[in-house]
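K.L.:
My structure is below; once you've seen it, I'll send some questions.
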Amino acid sequence: MRADGRRIRTLQPLYILASHIMAERSDAMNMIELDIPLAPIHDYMNETKAQGHHFSHLGIIIAAYVRTISQHPLLNRFVVNKRVFARNEIAIGMVVLKPGKDEGTMNKMYFKPTDTIFDIQNKLDEYINNNRAEGDTNATDDLINKLLAIPGLARFAVNLIKFMDKLDLLPKSIIDASPMHCTMTITNLASIRTNYIYHHIYNFGTTSMLTAMGNLREVPVRRHGQIEFERCIPLGVVMDERIADGCQFANAFKDMQKYLKNPKLLEVPPERVVEDIP
């Protein structure tokens, strides 16, 4: 039994075979581009700002993703050593730049499937504020500094972590300190005025999805027989196809876009949380 998930033993044979054919996460990367209309998000931000609430683009996107997981738990699966697991928690990793510097730190935030957009924005703000402080600000910084303190220790420790992870023996304390053991990693490249990219997912750890948010852009759309240009937030999403099939991913992203077109849906907890198969 892993500290961060439980094994799914009722998979269809095709899923089991896929993990043997595509043994590494880098073998199983699928990529999709999502254009998120800006107008509904801005309208919502302006409306709620007048009520005393301050939401960010990133907070709304994360809230929509967490709500999507509550209805599509397959997005919270991961594959280790050719076996598929359901994750015990929703953890999202993100790099935070230090003020006035080109370097940053990375750890992860924890969410519940019942979290509202208010809960998620509060957790995001707290995470950013804590990690913008000077010096080591989280367990990841502490672990990295310890590994680099002795020459050769980092190489040995990383190989040991990989070996223990493969055997499901990695302690929860190490998993909590590792930003690469999470549901998804998200990077806001718009904050450094850069276009979105398709960022690879790592073979190390358990992250099954990586999302990159880029500069705003205008996207042509057809309305009433005419072409109009709509301002959008582009997302580059890279996912491990071994955790779900194409239809399941498509339905999940369709729901996510529904929440982003109407963020007010995220103000209350979901009517029910869909549990992964036992």
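K.L.:
Would it be correct to say that A149 is over 24 Å from E89 (Cα atoms), among the small types (G, A, S) and at pLDDT below 95?
P.N.:
Numbers: over 24 Å from E89 (Cα atoms): yes; among the small types (G, A, S): yes; at pLDDT below 95: yes.
Taking the combined requirement at face value, the residue satisfies it.
K.L.:
Okay, next question. Please specify each residue of the range 177-187 satisfying the condition of being assigned to a loop (DSSP other than H, G, I, E, B) and open to solvent by less than 40 Å² (accessible area, probe 1.4 Å). Can you show your working first?
P.N.:
Here is the first cut: in the range 177-187, the ones assigned to a loop (DSSP other than H, G, I, E, B) are 178-183.
Once the filter is applied, which keeps residues that are assigned to a loop (DSSP other than H, G, I, E, B) and open to solvent by less than 40 Å² (accessible area, probe 1.4 Å), the range 177-187 yields S178, P179, H181, C182, T183.
K.L.:
Also, quick follow-up: Quick test for you: out of I227, I174, pick the one residue that is surrounded by 13 or more Cβ atoms within 10 Å (Cβ to Cβ) and free of Cβ contacts under 8 Å to residues at least 60 places away in the same chain.
P.N.:
Values: I227 fails: surrounded by 13 or more Cβ atoms within 10 Å (Cβ to Cβ).
When all the criteria are applied, what remains is I174.
K.L.:
A further question follows. Take V95 and tell me if it is open to solvent by 50 Å² or more (accessible area, probe 1.4 Å), touching a residue at least 60 places away in the same chain (Cβ under 8 Å) and of a type in the set (A, V, I, L, M, F, W, C). First the steps, then the outcome.
P.N.:
Values: open to solvent by 50 Å² or more (accessible area, probe 1.4 Å): yes; touching a residue at least 60 places away in the same chain (Cβ under 8 Å): yes; of a type in the set (A, V, I, L, M, F, W, C): yes.
In short, yes.
K.L.:
Read through the list (1) part of a helix (DSSP H, G or I); (2) without any contact (Cβ under 8 Å) to a residue 24 or more places away in the chain, then give the number of the only condition that I150 fails.
P.N.:
Among (1) part of a helix (DSSP H, G or I); (2) without any contact (Cβ under 8 Å) to a residue 24 or more places away in the chain, the lone unmet condition for I150 is (1).
K.L.:
Quick check on this structure: which one of N129, N122, N159 is open to solvent by 70 Å² or more (accessible area, probe 1.4 Å), within 28 Å of V274 (Cα to Cα) and part of a helix (DSSP H, G or I)?
P.N.:
That would be N122, the only listed residue that is open to solvent by 70 Å² or more (accessible area, probe 1.4 Å), within 28 Å of V274 (Cα to Cα) and part of a helix (DSSP H, G or I).
K.L.:
Could you list, in sequence order, the residues of the range 1-56 that are more than 28 Å from P179 (Cα to Cα), in contact with a helix residue (DSSP H, G or I) (Cβ under 6 Å, 6 or more places away or on another chain) and crowded, with 17+ Cβ neighbours inside 10 Å?
P.N.:
Listed by number, the residues that qualify are I41, Y44.
K.L.:
For the range 215-245, give me the residue count where each residue is outside any strand (DSSP E or B) and closer than 18 Å to I192 by Cα.
P.N.:
2
K.L.:
Sort out for me the strands (runs of 3 or more DSSP E) sitting completely within the range 44-114 that have 3 or more residues that are of a type in the set (D, E). Give the steps one after another, and end with the answer.
P.N.:
Values: elements: 77-80, 83-87, 90-97, 104-111.
In the range 44-114, there are no strands (runs of 3 or more DSSP E) which contain 3 or more residues that are of a type in the set (D, E).
K.L.:
Here is a follow-up. Taking the range 235-248, which residues are over 15 Å from V84 (Cβ atoms) and surrounded by 20 or more Cβ atoms within 10 Å (Cβ to Cβ)?
P.N.:
From the range 235-248, those over 15 Å from V84 (Cβ atoms) are 235-238, 246-247; that's our starting set.
Once the filter is applied, which keeps residues that are over 15 Å from V84 (Cβ atoms) and surrounded by 20 or more Cβ atoms within 10 Å (Cβ to Cβ), the range 235-248 yields L235, G236, V237, V238.
K.L.:
Also: Taking D27 as meeting all but one of (1) closer than 24 Å to I197 by Cα; (2) touching a residue at least 60 places away in the same chain (Cβ under 8 Å), write down the number of the exception.
P.N.:
Failing condition for D27: (2).
K.L.:
Quick check on my filter: what residues within the range 191-207 are of a type in the set (S, T, Y), within 15 Å of the chain's Cα centre (by Cα), farther than 17 Å from N159 by Cβ and surrounded by fewer than 17 Cβ atoms within 10 Å (Cβ to Cβ)?
P.N.:
Across the range 191-207, the qualifying residue is only Y198.
The values are calculated or read from the model by the stated rules, or taken from the named source; none is laboratory data. From a predicted model like this one, the values you see are computed outputs, not experimental measurements. Cβ: placed from backbone, ideal geometry, glycine included. Neighbour counts: every protein chain shown. For the accessible areas, the whole protein counts, side chains as well, though only heavy atoms, and no ligand, DNA or RNA atoms are used. Shrake-Rupley method; radii C 1.70, N 1.55, O 1.52, S 1.80 Å.
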